[in-house]
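One structure is given below, encoded as structure tokens.
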Amino acid sequence: MKAKKVKEELKELSDKDLQERVEAEINELNQLKISHTINPLDNPDSIKQKRKNIARIHTELRARQLKKA
């Protein structure tokens, strides 16, 4: 159910907002990976969730590109 809310939220954002959000998510993912390497995270699934969110954003951006073309 949460994934549907995230998808709907992404559709409401502008292209610029999506670009900014994907950059922020990638930075957060990199920080999580570094933190996990140094000291194991309490919830290592958060890395997986970040990757999925990044993929969702990329999917929405690509769908918009195809729609414009």
- With charges set only on the Cβ (+1 for Lys and Arg, -1 for Asp and Glu), what does the dipole of the chain come to about its Cα centre, in debye to the nearest 20? 440
- Kindly point out which whole DSSP H helices in the chain project their C-alpha atoms 30 angstrom or further along the helix axis while averaging a Kyte-Doolittle hydropathy of -1.0 or above. 15-38
- Put one equal scatterer on each alpha carbon of the chain, apply the Debye formula with no solvent term, and list log10 I(q)/I(0) at q = 0.22 1/Å to two decimals. -0.94
- Query: Per-residue accessible area for Glu12 at 1.4 Å probe radius, Å² rounded to 10?
  - Reply: 150
- Query: What's the tally of Lys pairs in the stretch 28-69 whose alpha-carbon atoms lie under 25 angstrom apart, where the two lysines are 8 or more places apart or on different chains?
  - Reply: 5
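The values are calculated or read from the model by the stated rules, or taken from the named source; none is laboratory data. On a predicted model such as this, the values are computed, not experimentally measured, just so you know. Don't worry about glycine lacking a Cβ; one is built from the backbone with ideal geometry, like all the others, and counts go over all protein chains shown. Note: areas computed on protein heavy atoms with side chains; ligands, DNA, RNA excluded. Shrake-Rupley method; radii C 1.70, N 1.55, O 1.52, S 1.80 Å.
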